[in-house]
Amino acid sequence: MKAISLFSGGLDSCLAIKLIKDQGIDVIAMYIDTGFGGTKDNLAHLENMTKQVGAELKVVNIKEQFVRDVLFDPKHGYGKNFNPCIDCHANMFKLGKAMMEEWGASFLISGEVLGQRPMSQRSDALQNVVKLAQTEDILLRPLSAKLLEPTLAEKEGWVDREKLLGISGRSREIQLAMAKEIGLKDYESPGGGCLLTDENFSNKLREFIKYDKLESGDINILKFGRHFRLDDGAKLIVGRNQDDNAGLEKIDNDKFIPIKLPIAGPFSLISKNATKEDLKLGAKIAITYAKSSSDNLYDIEINGVDTITLSPFENKSQLSKYFFNSKK
Ligand code: SF4
């Protein structure tokens, strides 16, 4: 007997797996990568957690499908920010269901807890999700199972319902006690959660789509740096620190080209289709964030081809009107 766990890497998903593993059932931990996770590589954490609870990890990249089918115009709307949680969960369950045959699994599990999150884990929302994904009978939520209708795995006797839990609400007391009891370590994700729940990231995303169609390759652009919108509509991104610079340098996106400074300073990207005026402005902003002086002229290389010679702004306060969130 085998189950697929919709695995987030968090404590609740780990405990859900453990409860099922303890009943002698093999579990595949399916981590679905929407592209909107944090900036830190999460793979070592996912491997560590699945190893501790004895599951096999499989990472499934759905970035393109998520942007195309889920992110915009979700049937059940958004949470507080750009997070379409109900539709996102339903999408994950559908994907899990679609993999059951290939991976030889008989049911799905998730670490959801009834009433834990305001929007996506209310009882009616949980029901909506399974209906949307047509997984009513095959999705078992081990942490709240006793408060929900029995599912196929319980009805068929594959899983002993009595050994499952009936947790509800936002308190994590029971989960923390369980983690301690089974000796689970390092369960806090180092990469942070889904960026779609982050206000600043959501604002950047909203602003991006006013000017451009978001494609999966654009997601990383939104994760790093200070974002500017220039006079003729080009986007400029300027690294704020070493992590940003490293992140931006790794981006392979043919909508953007690099700005190379002749002195130590941030790594920057600007829209490839920027007008000449915007290229000049972008270069001027980029050099303003370097250790530059407004008394000097600097040769700034655009995309390794063109050179623009100019001096920085005298004061960074002159840049505030170009911040992405300063425009209506
Ligand atoms: S927080 Fe992000 S990944 Fe999680 S359900 Fe909501 S949109 Fe999906």
- Could you list, in sequence order, the residues of the stretch 221-234 that are more than 16 Å from the ligand (Cβ to nearest atom) and either more than 15 Å from K321 (Cβ to Cβ) or surrounded by fewer than 19 Cβ atoms within 10 Å (Cβ to Cβ) (or both)? I221, F224, G225, R226, D231, D232, G233
- Note on the structure: Of the conditions (1) open to solvent by less than 40 Å² (accessible area, probe 1.4 Å); (2) within 14 Å of the ligand (Cβ to nearest atom); (3) at pLDDT 95 or above, the single one that F72 does not satisfy is (1)
- Look through the stretch 88-122, keep the residues that are free of Cβ contacts under 8 Å to residues at least 24 places away in the same chain and within 16 Å of G169 (Cα to Cα), and return whichever of them is nearest to the ligand (Cβ to nearest atom). Q121
- Item | Exclusive hit being assigned by TED's automatic domain parsing to the domain that holds S317, of a type in the set (K, R) and closer than 30 Å to D69 by Cα, set K284, K235 | K235
- Query: Among V53, V129, V59, which is the only one that is of a type in the set (V, I, T) and open to solvent by 60 Å² or more (accessible area, probe 1.4 Å)?
  - Reply: V59
- Message: Being among the charged types (D, E, K, R) and assigned to a loop (DSSP other than H, G, I, E, B) narrows it down to one residue among D12, D69, D73; which is it?
- Response: D73
- Query: So which pairs qualify, if the first residue must be in the stretch 12-34 and without any contact (Cβ under 8 Å) to a residue 12 or more places away in the chain and open to solvent by less than 10 Å² (accessible area, probe 1.4 Å), the second must be within 16 Å of the ligand (Cβ to nearest atom) and assigned to a loop (DSSP other than H, G, I, E, B), the Cβ gap must be under 9 Å, and the two must be at least 6 apart or on different chains?
  - Reply: none
- Of the residues in the stretch 35-50, those that are at pLDDT 95 or above, outside any helix (DSSP H, G or I) and surrounded by fewer than 23 Cβ atoms within 10 Å (Cβ to Cβ) come to G35
- Task: Hey, can you tell me all the residues within the stretch 235-289 that are open to solvent by less than 20 Å² (accessible area, probe 1.4 Å) and among the hydroxyl-bearing types (S, T, Y)?
- Result: S268, S271, T288
- Item | Residues of the stretch 183-216 satisfying the condition of being in contact with a Lys or Arg (Cβ under 6 Å, 6 or more places away or on another chain) and either more than 21 Å from C85 (Cβ to Cβ) or more than 16 Å from the ligand (Cβ to nearest atom) (or both) | P190
- Item | Members of the stretch 180-196 found to be open to solvent by 50 Å² or more (accessible area, probe 1.4 Å) and within 9 Å of the chain's Cα centre (by Cα), listed by number | G193, C194
- Query: Within the stretch 1-11, can you find the residues that are surrounded by fewer than 19 Cβ atoms within 10 Å (Cβ to Cβ) and either in contact with a Lys or Arg (Cβ under 7 Å, 6 or more places away or on another chain) or small (G, A, S) (or both)?
  - Reply: G10
- Is there any pair with a first residue in the stretch 193-207 that is outside the structural domain of F7 (by TED's automatic domain parsing) and a second that is in a helix (DSSP H, G or I) and away from the ligand (no atom under 12 Å from the Cβ) whose Cβ atoms are under 7 Å apart and which are 6 or more apart or on different chains, and what are they? L195/K223; F201/L222; N203/N325; K204/L222; K204/F324; L205/L222; E207/F324; E207/N325
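The values are calculated or read from the model by the stated rules, or taken from the named source; none is laboratory data. The model shown is predicted, which means the values in this text are computed figures rather than measured ones. Every residue, glycine among them, receives a Cβ derived from its backbone with ideal geometry; neighbour counts consider all protein chains shown. Protein only, heavy atoms only, side chains kept; ligands, DNA and RNA dropped before computing areas. Shrake-Rupley method; radii C 1.70, N 1.55, O 1.52, S 1.80 Å.
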